[in-house]
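To start, the structure itself, in structure tokens.
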Amino acid sequence: MTQANHLIEVHGLNKAYLNGDTRVEAIKQMDFFIDDEEFITLMGPSGSGKSTLLSILGGLNHPNQGKVFIDSLDLYALTAEQRADFRSEYIGFVFQSFQLIPYLTVLENVTLPMAVTGQKKKVKTQMAMTVIDRVGLGTKALRLPDQLSGGEQERVAIARAIVNKPPLILADEPTGNLDSKTAKDIMILLQSLNTDGHTVVVVTHNADMEAYASRCIRVQDGKCFV
Amino acid sequence: MKLHNISLGNIQRRKGKMLFLVLGLVMGISTVVTLVSITESMTWNIEQRLNQFGANIVMVPKSDRLSLHYGGINVGGVNYQVREFDQKKLSDIRTIKNHKNLSIIAPKVLGPVTVKNKTVLLMGVVFEQELALKTWWHKSAGRFPERENDVMLGSRAAALLGYKVGDTIRLSDRAFNIAAILRPTGASEDDAIMVSLIAGQTVLGKEGKLSMVEISAFCQGCPISEMTLQIAEKFPHAKVTAMKQAVMSKMQSIEMFKSFSLGVSILVILIGSLLVMVTMMGSVNERTREIGIFRAIGFRRGHVMQIILLEALLLGIIGGIMGFVTGNLMACSLIPMVIKDGVFAGINSTLGIVSLFMAVALSLLASLYPAVKASNMDPSEALRAL
């Protein structure tokens, strides 16, 4: 049973993978929860297992053992296609290095998660323009990603993550490729999204980012320390 | 934003690779179109020549006697007895099942006449049909007969009887004007006198009778033997013979070329398919990261497949149209080299539709494996590349 105020619950999570002939224990017996509308940083050094953990929370990486509940739903009891639908409605991803589609404009990149929804083009464009304005790129909606600065590309990535109004935003090192001023702006933006009601989970190895979060979960050697 | 926008965007972005893929399709389709067009043109050109060559069906009255005639030599002595059939029934030919394939029907009446104490073959013919059938008939002097009392003499007959154009010749007490003299043909008409069918019937006393009918039939899509049987059914007292030797040998050559074309087409299509598959696989491998993003933001496997197959469909349509145009252009320029004095038979719209479907099917089938591979890509593996 999960508790009503817990958006995410992780029980007895284990994940190992083979690196050549070596078995790497990326996640070892993790147990934690994240409340609704929390801003969490998953902090830890490189190779500690935080990105693996984020992909498991996002329904992208099947764990070897353990359960992940999101809004009381056993994520890995779903089929792969059901998890895809779940991601579409429930989770917004912000990837490392922005990961925008280079041949699509800002507007098209942001509308991308809605390509598989049944909404009308006009509604999609309106929704996309609202979030593009929200991240401060209203005048650059028709530009291609390579015509934007790193900070602007990160904003587009965030706009794409929130366009479907998902309750949960998962961000993997969103400030890793940005200068400190731009990184600060991005964290403030994520903070404001959290204030608007999104639960935000940010993977980072930068201790300065902890200041923006409501709570920090430390990850080291595949274990978490809440 | 819809899935087709992603497909279109990718095609625009990877112009070089997509051009390579389209070239693979164009190569395959144009080869098939070229070979089919050449085969069609060969058939058409041969038919045209066979039609020029003359009759390919001959209808004569049935006889219970064996022929004593070979290679222009009659070893049975002089035989003036010629059997006839009724002219009234001739129109029944137009009621056979393959009547649309009938081109020229040339009836004639034959019989001997005496001119200057010499017995000469008189042919009563319908000049319009006869001249259309025997395109190798050329006059050495005069004009082809137009009036009822005009006659035309074969070259040997004119020489032996001592007539020239403009002279008057008497046939059974009736005077005729010599309108033309034929150039030598090497055939029976060199020795004959030709008059109109009605005049011939009157002179020979065979009103309403015919000695033989020569028929020219278009043979594309119509088995000439079947037509012969159809005519024989209508005329039970006639012997209907197909002069199919020439047709068959030409058609056999075309059939051999068709088999060769089919083999080459299959080979080229296979190579084209491999080219499409390798290019699509390369494109999918290059887009691992992109596919990972699609899956992460909620695209189903089916959506990823749709994107890849939609690209294949668009490229298939482009390849099909370009292949058909290129194939026709190639056929146009190759036909004069393949067939002496050959003419392009024309654009075949059915072949166009088939080419388009073939290109689309080829592109979709060759892209199926890459599309399945892309859709089955583990999103976590794909995102590890991020």
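Could you please give the count of residues in the stretch A:128-153 that are within 14 Å of another protein chain (Cβ to nearest Cβ) and within 16 Å of A:SER192 (Cα to Cα)?
Residues flagged as within 14 Å of another protein chain (Cβ to nearest Cβ) and within 16 Å of A:SER192 (Cα to Cα) within the stretch A:128-153 amount to 2.
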Residue in the stretch A:91-108 that is in contact with a Lys or Arg (Cβ under 6 Å, 6 or more places away or on another chain), within 14 Å of A:ASN164 (Cβ to Cβ) and not in a loop (DSSP other than H, G, I, E, B) present: no
Residue check for B:GLU311: out of contact with any Cys (no Cβ under 9 Å at 6 or more places or on another chain), free of Cβ contacts under 8 Å to residues at least 40 places away in the same chain and among the charged types (D, E, K, R): no
Odd one out for B:GLY302, checked against (1) at pLDDT below 90; (2) within 14 Å of chain A (Cβ to nearest Cβ); (3) surrounded by fewer than 16 Cβ atoms within 10 Å (Cβ to Cβ): (1)
Residues satisfying the stated conditions in the stretch B:179-204, i.e. surrounded by fewer than 22 Cβ atoms within 10 Å (Cβ to Cβ) and at pLDDT below 90: B:THR185, B:GLY186, B:ALA187, B:SER188
Test set (1) within 12 Å of chain B (Cβ to nearest Cβ); (2) touching a residue at least 40 places away in the same chain (Cβ under 8 Å); (3) among the β-branched types (Val, Ile, Thr) - A:THR125 fails condition number: (2)
Failed item, numbered, when A:SER48 is tested on (1) assigned to a helix (DSSP H, G or I); (2) of a type in the set (Ser, Thr, Tyr); (3) within 29 Å of A:GLU210 (Cα to Cα); (4) more than 8 Å from chain B (Cβ to nearest Cβ): (1)
Candidate set: the stretch A:109-122, residues that are within 18 Å of B:GLY292 (Cβ to Cβ) and assigned to a helix (DSSP H, G or I); chosen: the one farthest from the other protein chains (Cβ to nearest Cβ): A:ASN109
Sole exception among (1) within 11 Å of chain B (Cβ to nearest Cβ); (2) modelled with pLDDT of 90 or more for A:SER97, by number: (2)
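The rows are residues; the columns are (1) open to solvent by less than 40 Å² (accessible area, probe 1.4 Å); (2) over 22 Å from B:ARG300 (Cα atoms); (3) of a type in the set (Lys, Arg); (4) in contact with a helix residue (DSSP H, G or I) (Cβ under 7 Å, 6 or more places away or on another chain).
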{"residue": "A:ASP85", "(1), (2), (3), (4)": "no, no, no, no"}
{"residue": "A:GLU108", "(1), (2), (3), (4)": "no, no, no, yes"}
{"residue": "A:THR130", "(1), (2), (3), (4)": "no, yes, no, no"}
{"residue": "A:LEU148", "(1), (2), (3), (4)": "yes, yes, no, yes"}
Any hit, the stretch A:7-19, residues being within 13 Å of another protein chain (Cβ to nearest Cβ), in contact (Cβ under 8 Å) with a residue 40 or more places away in the chain, open to solvent by 10 Å² or more (accessible area, probe 1.4 Å) and over 30 Å from A:ARG155 (Cβ atoms): yes
Qualifying residue in the stretch A:145-161 (condition: of a type in the set (Val, Ile, Thr) and without any contact (Cβ under 8 Å) to a residue 40 or more places away in the chain): no
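The values are calculated or read from the model by the stated rules, or taken from the named source; none is laboratory data. Not measured: the values here are computed from a predicted model. Here Cβ is always computed from backbone atoms with ideal geometry, including for glycine, and neighbour counts include all displayed protein chains. Protein only, heavy atoms only, side chains kept; ligands, DNA and RNA dropped before computing areas. Shrake-Rupley method; radii C 1.70, N 1.55, O 1.52, S 1.80 Å.
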